[in-house]
Amino acid sequence: MQGKIIRGIAGFYYVHDRKDRVYECKAKGIFRNQKKKPLVGDNVEIDVLDREAATGNVVRILPRSNHLIRPAVANVDQALVFFAYREPAPNLDMLNRFLIMMEQQGIPCRICFNKKDLADREEGEAVRRAFSGTGYPLYELSTYTGEGQKELREVLTGRTTVLAGPSGVGKSSFLNSLLPGADMETGAVSKKTGRGRHTTRHSEMFALAEDSFILDTPGFTSLNLTMEAEELKEYFPEFEPYWRGCRFPGCLHLNEPGCLVKQAGEDGKISPVRYGTYVELYKELKARRKY
């Protein structure tokens, strides 16, 4: 039979049959010989050993449409990157890095800012301006009041979604609102550090409905980009309407004369926050190549 791996712990893989049962499975030794490790999100074939006890063996990993290294997950239709307006304050550098990683993988990404009930109007407007023109849908949510949850539920239907973001932003609370039976542990934000405590300790996928899955991932603190500095510009979709008009082919959009991207950043047509992030990440990637 076929199913989807929704969790992997200590050599055991838990396979959802896409109906109402989860089978505890071991992976056949052939995968070790092939140096191929099953991932959460993999569609697999299993041999059922005991139907009543719901145990079996994973015997085949079906072809993947994509896979991510961090978080380690396969066959993702979209990513929902989850931050909070406050407690903890949003780290836009981290958010932009995640968006670039998804662009590299060709995975559509949606942005969600939680704890809207704690934010004032200026904070909301600043975030909306920062990502205006990027093409990434932006949602505002309050797991405390329930505002915005209906819209998010709709975009999760019929898709496999990876939910990612730093600790303490309310991912587990959001999951509990979608699936009360999930009983995800929630964590407060440390008053000393202003950062969330890790509550999700492993990647785990939940079935929302038939062919609708959401994967929660451990909170991340840093994301290292793997690319050449000259490639970076390709992963800022809001640059595209302007770079074709740059004076020089291969323009890096830094200090070149006649650069329409840089001019758009100065004119506010491209978010100064995003353009500033591009410049800093370019310098980081360039410096890394020297060592």
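The values are calculated or read from the model by the stated rules, or taken from the named source; none is laboratory data. Just so we're clear, the structure is a prediction, and the values are computed from it rather than from any experiment. Using ideal geometry, Cβ is built from the backbone for each residue, glycine included, and neighbour counts are taken over all protein chains shown. What goes into the accessible areas is simple: the full protein's heavy atoms, side chains included, and nothing from ligands, DNA or RNA. Shrake-Rupley method; radii C 1.70, N 1.55, O 1.52, S 1.80 Å.
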Got at least one residue in the stretch 3-24 being within 25 Å of the chain's Cα centre (by Cα), among the hydrophobic types (A, V, I, L, M, F, W, C) and within 30 Å of Val273 (Cβ to Cβ)? no
For helices (runs of 4 or more DSSP H) lying entirely in the stretch 219-291, having 2 or more residues that are charged (D, E, K, R) picks out 260-266, 272-289
When (1) touching a Gly at 6+ places or on another chain (Cβ under 8 Å); (2) part of a strand (DSSP E or B); (3) of a type outside the set (D, E, K, R) are applied to Gly3, the one that fails is (1)
For the stretch 31-41 the number of residues that are surrounded by fewer than 22 Cβ atoms within 10 Å (Cβ to Cβ) and in a loop (DSSP other than H, G, I, E, B) is 6
When restricted to Tyr13, Tyr23, the only residue among the hydroxyl-bearing types (Ser, Thr, Tyr), closer than 23 Å to Leu163 by Cα and either touching a residue at least 24 places away in the same chain (Cβ under 8 Å) or open to solvent by 70 Å² or more (accessible area, probe 1.4 Å) (or both) is Tyr13
Those residues of the stretch 42-70 which are open to solvent by less than 100 Å² (accessible area, probe 1.4 Å), over 30 Å from Thr226 (Cα atoms) and part of a loop (DSSP other than H, G, I, E, B) amount to Ala53, Ala54
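Yes/no matrix, rows are residues, columns are (1) modelled with pLDDT under 90; (2) assigned to a helix (DSSP H, G or I); (3) at positive phi; (4) buried (at least 17 other Cβ atoms within 10 Å of the Cβ):
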residue: Glu125; (1), (2), (3), (4): no, yes, no, no
residue: Ala130; (1), (2), (3), (4): no, yes, no, yes
residue: Tyr136; (1), (2), (3), (4): no, no, no, yes
residue: Tyr139; (1), (2), (3), (4): no, no, no, yes
residue: Lys150; (1), (2), (3), (4): no, yes, no, no
residue: Ser167; (1), (2), (3), (4): yes, no, no, yes
residue: Lys191; (1), (2), (3), (4): yes, no, no, no
Scanning the stretch 48-89 residue by residue, the ones that are modelled with pLDDT under 90, farther than 15 Å from Met205 by Cβ and in contact with a Pro (Cβ under 9 Å, 6 or more places away or on another chain) total 1
